[in-house]
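Read-outs: derived from the displayed coordinates by stated rules, not from any lab. Given the structure is predicted, the values throughout are model-derived calculations rather than measurements. When we count neighbours, we look across all protein chains shown, and the Cβ atoms used for this are built from the backbone with ideal geometry, even at glycine.
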Amino acid sequence: MDLHSIAKKHGIRSIDVEQYYAAGDNYSLDWSRSNLPSERANVTRSLTVKIHESDFIKLIDKAEKCDDLNKTYYEDMYVRDSNPTVKAAYEKYQMFLEIARSEVKQ
């Protein structure tokens with residue numbers, strides 16, 4: 001997904017992209033050869049994002065809901081995987097769900 005579609009989707013006013021060199025050894029760059037960074041230097045991108053406060057709050061709320069859903073999903077997955085009875089019931093549920101989806105599509 002490119003930055004423009006992300007900006008449009010989340011109400012971001014502008015995104016400024018800046019590139020700079022970061023040393024691979026995290027200490028310094030070797031500028032001795034014609035002002036070029038060493039081979040160990042990595043090009044790093046930095047973003048400055050301008051977003052309306054209400055859109056930012058909505059974005060943070062979505063991220064928190066995603067975290068909650070992921071936590072619940074992985075907890076449920078652990079229970080399914082560790083309990084054979086729950087695992088068998090879940091597999092049957094998935095089968096019936098797929099049948100119902102195919103009937104709705106027709």
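Quote to one decimal, in nm, the extra length available between Ser14 and Leu97 on full extension: 0.36 nm per residue of separation minus the C-alpha distance between them.
25.6 nm is the gain from fully extending Ser14 to Leu97.
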Response to the item:
With +1 on the Cβ of every Lys and Arg and -1 on the Cβ of every Asp and Glu, the dipole magnitude of the range 63-106 about its Cα centre, in debye rounded to the nearest 20, is 200 debye
